[in-house]
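Participant: The following block contains the structure, expressed as structure tokens.
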Amino acid sequence: MTEPVRQPEVQPSASDMRLVITASSMGTVFEWYDFFIYGTLAPLIGKAFFPGDNPTLQLLLVWAGFAVGFGFRPLGAILFGYFGDKLGRKYTFLVTVTLMGIATAGVGLVPSAASIGLAAPAIVILLRILQGLALGGEYGGAAIYVAEHASPGRRGFYTGFIQASVVGGFVLSVAVVAACQIAIPADTYTAWGWRLPFVLSIVLLGISLWMRLKLSESPVFIAMKEEGEISGNPFVESLSYPGNKKRIFVALFGVTGILTTIWYTAFFSALSFLTGPMRVHALTAQTVIGISALISMGFYVLVGQWSDRVGRKKPLVLGALLTLVLLFPLFWGLGALANPGLSASAKDAPVLVSGPDCHTDPFAELFGRKQSACGNLLETLTAGGIPYTVHDAQGLDLSIGGHPVALDPTWQGDKVARKKGVEAALVAHGFDLSQQKPHLGALLGIGLLLVALGGLSALTYGSVAALLTEMFPSQIRYSSMSIPYHIGAGYLGGFLPLIASYINARTGDAYAGLWYTWAVVAFGVVVAIWGIRGGPPREFSDDAA
């Protein structure tokens, strides 16, 4: 069995640490900006690359493309984890940030499906795959690089900046999109202006490379190289090192499963929830969630610093338990403040749909299946964010507030007519289907709830880079922590928008998709309590799980 390499005796100076944190953090901000810009611009991407007259299917296809990038993150973790453990931390994440920047700019340059047909979505998916591969190597490299420069007593604080940088990438993506919307006329922005945030990636790539080229190699990797302790095959050794299978399992479900589902729910699901079923004006929603995320960035550093005193386990478990209690109430509060008229109308004039084969099939159009008349009606209600109740019956009926709605026979084959007819009936019974611009008090309330969601994310994420670094031996650390992290983030988190949207589409309940997050976190907290060692921070040792 190979002995873990000791921490170098000579620690970096304060000025060296500032450079390490700044360069690593800014590179992480830019790289996550590249990845998140796709999700931030999901509606326009759908129209450009996944055309169709079914808005629910269009959104699901966009989120499927989003998930594909995440699906390739584990492969990127294996590939770049191997190079990071064999060749060094610094040069590996220089490669990953370059690949990410080129792939992101490429998305902004792909012609629309109207111009080149199915080649457009195919190219976009290919570029998403390259982004996923790059990101699979980025987080582990940046987190380990900073952690290996820090002593255990300051490791949580220093690596907290890396965790905050992930949120910074989201904030930057929202800010750039909002700026483009303000600066570019609406028609121009919809036509091609939305591509500018993607092309901007080239500028960010140049800045990131300039900063990271100033860095030297990790002192831990240098010490391993000098002592001849470089791993022969990091991937194989990650699976064969004594006790590592348990550590990987815990890192996957008890750490990453928790943090990634909470993170994407707090930011992406919240943004999609506000602009979708709650009908909040896109720029308004992006502004309030961007400001809230910016405020919450400080929490990640504070939690990391707190973990230097109380250990890595306590903040993560506390955040997970609080999420199980507060997740649904926080989103109910968002809905009540963002669109109070919707919930009031749904209560005063409940929508009831009765009929045979009364369920939706969101992918029916994609696979050439015919949806029932009742399914078509439910799809229209779901796309509009309208809550409804379904009863099985022989004939198809729609009632609003107990009043029957005449169903036009042409609605079965004409989606536009069906949408107009259903919306007219809803408006006639008191539903406000206009775009919402909440008043200042409501926006402040929404912001506070979003900050609370950000706080839950910070509790479960702020100390994670330090935690994962201390869980694994240094010779195989890049591979060992990157593989479970990116499997969890790639599949449990990356597929969250798609899975949650599908659950919402199937049930017609805008809150139903939250059960996915709740279930993953519930399982994860059991694993975390069982598998993460408690007590003060300390270096990896073979006698600790």
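Participant: Just give me the residues in the range 14-46 being among the charged types (D, E, K, R) and surrounded by 18 or more Cβ atoms within 10 Å (Cβ to Cβ), in sequence order.
Facilitator: Those that are among the charged types (D, E, K, R) and surrounded by 18 or more Cβ atoms within 10 Å (Cβ to Cβ): 31, 34.
Participant: Let me ask something additional. May I ask you to say which residue of 394, 371 is touching a Pro at 6+ places or on another chain (Cβ under 8 Å) and assigned to a loop (DSSP other than H, G, I, E, B)?
Facilitator: 394
Participant: If I go through the range 374-391 residue by residue, how many of them are within 27 Å of the chain's Cα centre (by Cα), in a loop (DSSP other than H, G, I, E, B) and not β-branched (Val, Ile, Thr)?
Facilitator: 3
Participant: Does the range 485-505 contain any residue that is among the hydrophobic types (A, V, I, L, M, F, W, C) and under 20 Å from residue 239 (Cα atoms)?
Facilitator: yes
Participant: Residue check: is residue 482 within 27 Å of residue 282 (Cα to Cα) and either surrounded by fewer than 24 Cβ atoms within 10 Å (Cβ to Cβ) or not assigned by TED's automatic domain parsing to the domain that holds residue 371 (or both)?
Facilitator: The answer is no for residue 482.
Participant: Another question about this same structure. Taking helices (runs of 4 or more DSSP H) that fall entirely within the range 110-191, which contain at least 2 residues that are crowded, with 19+ Cβ neighbours inside 10 Å and more than 17 Å from the chain's Cα centre (by Cα)?
Facilitator: 119-147, 152-183
Participant: For the range 421-450, enumerate the residues that are assigned to a loop (DSSP other than H, G, I, E, B) and touching a residue at least 12 places away in the same chain (Cβ under 8 Å).
Facilitator: Within the range 421-450, 429, 430, 431, 432, 433, 434, 435, 437, 438 qualify.
Participant: Further question on the same structure: Give me a count of the residues in the range 332-374 that are of a type in the set (Asp, Glu) and crowded, with 16+ Cβ neighbours inside 10 Å.
Facilitator: Total meeting the criteria: 2.
Participant: Here's another thing I want to ask about it. I'm told residue 444 meets every condition in (1) buried (at least 18 other Cβ atoms within 10 Å of the Cβ); (2) more than 30 Å from residue 234 (Cα to Cα) except one. Can you identify the failing condition by its number?
Facilitator: Here residue 444 clears every test but (1).
Participant: Shifting gears a bit: State yes or no: is residue 306 over 26 Å from residue 282 (Cα atoms), surrounded by 16 or more Cβ atoms within 10 Å (Cβ to Cβ) and at pLDDT below 90?
Facilitator: So residue 306 does not fit the description; no.
Participant: OK, next. Looking only at residues that are assigned to a helix (DSSP H, G or I) and free of Cβ contacts under 8 Å to residues at least 24 places away in the same chain in the range 485-519, which one is surrounded by the fewest Cβ atoms within 10 Å (Cβ to Cβ)?
Facilitator: 519
Participant: Just one of (1) more than 32 Å from the chain's Cα centre (by Cα); (2) in a helix (DSSP H, G or I); (3) within 26 Å of residue 284 (Cα to Cα) trips up residue 418, so point out which.
Facilitator: Residue 418 satisfies every listed condition except (3).
Participant: For the range 309-324, how many residues are of a type in the set (Ser, Thr, Tyr) and in contact with an Asp or Glu (Cβ under 8 Å, 6 or more places away or on another chain)?
Facilitator: Summing the residues that are of a type in the set (Ser, Thr, Tyr) and in contact with an Asp or Glu (Cβ under 8 Å, 6 or more places away or on another chain) in the range 309-324 gives 0.
The values are calculated or read from the model by the stated rules, or taken from the named source; none is laboratory data. None of these values were measured; they are calculated from a predicted model. Backbone-built Cβ (ideal geometry, glycine too); neighbour counts: all protein chains shown.
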